[in-house]
Amino acid sequence: ELPINGRADLVLKRGEERAIIDLKWRGQARHTNLLSSGEDIQLALYAKLLEPTNSWAHTAYFIIEKGRLLVRNTRAFSGVQPVLDELDHEGIYETLLGKINATYQWRLQQLDNGEVEIRCESTQADLEDHYGEVLMELLEMKTTDAYFDDYQVLIGLIA
């Protein structure tokens with residue numbers, strides 16, 4: 001029920017079908033990994049929020065530096081090699097949206113309880129032990145330090 005808005009780079013229409021292409025300057029490997037691991041959260045949100053909301057839009061990344069279109073399947077984009085074998089983007093996005101919602105509700109509950117988590121390499125194992133199986137229903141948590149993280153000072157990792 002939380003209102004969300006965003007602006008997609010490119011929205012294409014063919015009859016009742018919609019396709020969203022997110023333009024990226026570079027990062028072919030990173031965006032290929034997002035598609036192959038089902039972690040393309042931005043595209044999933046765009047695909048669900050675009051009218052009509054009762055269907056999922058097709059999605060792709062276009063890497064400008066390489067002139068390459070990265071797709072999960074070729075239902076909307078023919079003549080393009082998909083990142084993996086043809087995968088059902090609707091099923092992947094349904095699962096991802098469920099995890100997004102579960103993670104959001106979980107984090108809201110933590111904030112309501114006054115809990116603040118500092119997730120970094122040195123706390124990752126302890127946090128996973130603490131949360132246990134609940135993590136299986138949530139977005140995958142990162143296991144490495146953020147490039148820039150001032151919050152580590154709160155647990156004595158930065159002097």
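The values are calculated or read from the model by the stated rules, or taken from the named source; none is laboratory data. This one's a predicted model, so the numbers in the text were calculated from it and none came from an experiment. Positions of Cβ are backbone-derived with ideal geometry, glycine not excepted, and every protein chain shown enters the neighbour counts. Accessible surface is based on the protein model in full, side chains and every heavy atom, while ligands, DNA and RNA are left aside. Shrake-Rupley method; radii C 1.70, N 1.55, O 1.52, S 1.80 Å.
Taking L70, is it touching a helix residue (DSSP H, G or I) at 6+ places or on another chain (Cβ under 7 Å), open to solvent by 70 Å² or more (accessible area, probe 1.4 Å) and closer than 27 Å to H31 by Cβ?
It is false that L70 is touching a helix residue (DSSP H, G or I) at 6+ places or on another chain (Cβ under 7 Å), open to solvent by 70 Å² or more (accessible area, probe 1.4 Å) and closer than 27 Å to H31 by Cβ.
If you go through segment 122-144, how many residues are surrounded by 13 or more Cβ atoms within 10 Å (Cβ to Cβ) and within 21 Å of the chain's Cα centre (by Cα)?
Adding up the residues that qualify gives 6.
Against the definition (under 23 Å from D85 (Cα atoms) and either part of a loop (DSSP other than H, G, I, E, B) or open to solvent by 70 Å² or more (accessible area, probe 1.4 Å) (or both)), how does N5 come out, yes or no?
It is false that N5 is under 23 Å from D85 (Cα atoms) and either part of a loop (DSSP other than H, G, I, E, B) or open to solvent by 70 Å² or more (accessible area, probe 1.4 Å) (or both).
Please go through segment 25-40 and give me each residue that is over 13 Å from A60 (Cβ atoms), free of Cβ contacts under 8 Å to residues at least 60 places away in the same chain and of a type outside the set (G, A, S), ordered by number.
W25, R26, R30, N33
Does segment 8-29 hold any residues that are of a type in the set (G, A, S), surrounded by 12 or more Cβ atoms within 10 Å (Cβ to Cβ) and in a loop (DSSP other than H, G, I, E, B), and which are they?
A8, G27, listed by residue number.
Could you tell me how many of the residues in segment 41-80 are touching a residue at least 60 places away in the same chain (Cβ under 8 Å) and either in contact with a Phe, Trp or Tyr (Cβ under 8 Å, 6 or more places away or on another chain) or over 17 Å from K99 (Cβ atoms) (or both)?
Within segment 41-80, residues that are touching a residue at least 60 places away in the same chain (Cβ under 8 Å) and either in contact with a Phe, Trp or Tyr (Cβ under 8 Å, 6 or more places away or on another chain) or over 17 Å from K99 (Cβ atoms) (or both) number 1.
Of the residues that sit in segment 145-159 and are open to solvent by 80 Å² or more (accessible area, probe 1.4 Å) and part of a loop (DSSP other than H, G, I, E, B), which one is modelled with the lowest pLDDT?
Looking at the filtered set, the residue picked out is A159.
Of everything in segment 54-67, what is open to solvent by 40 Å² or more (accessible area, probe 1.4 Å) and assigned to a strand (DSSP E or B)? Give them in sequence order.
Listed by number, the list holds a single entry, F62.
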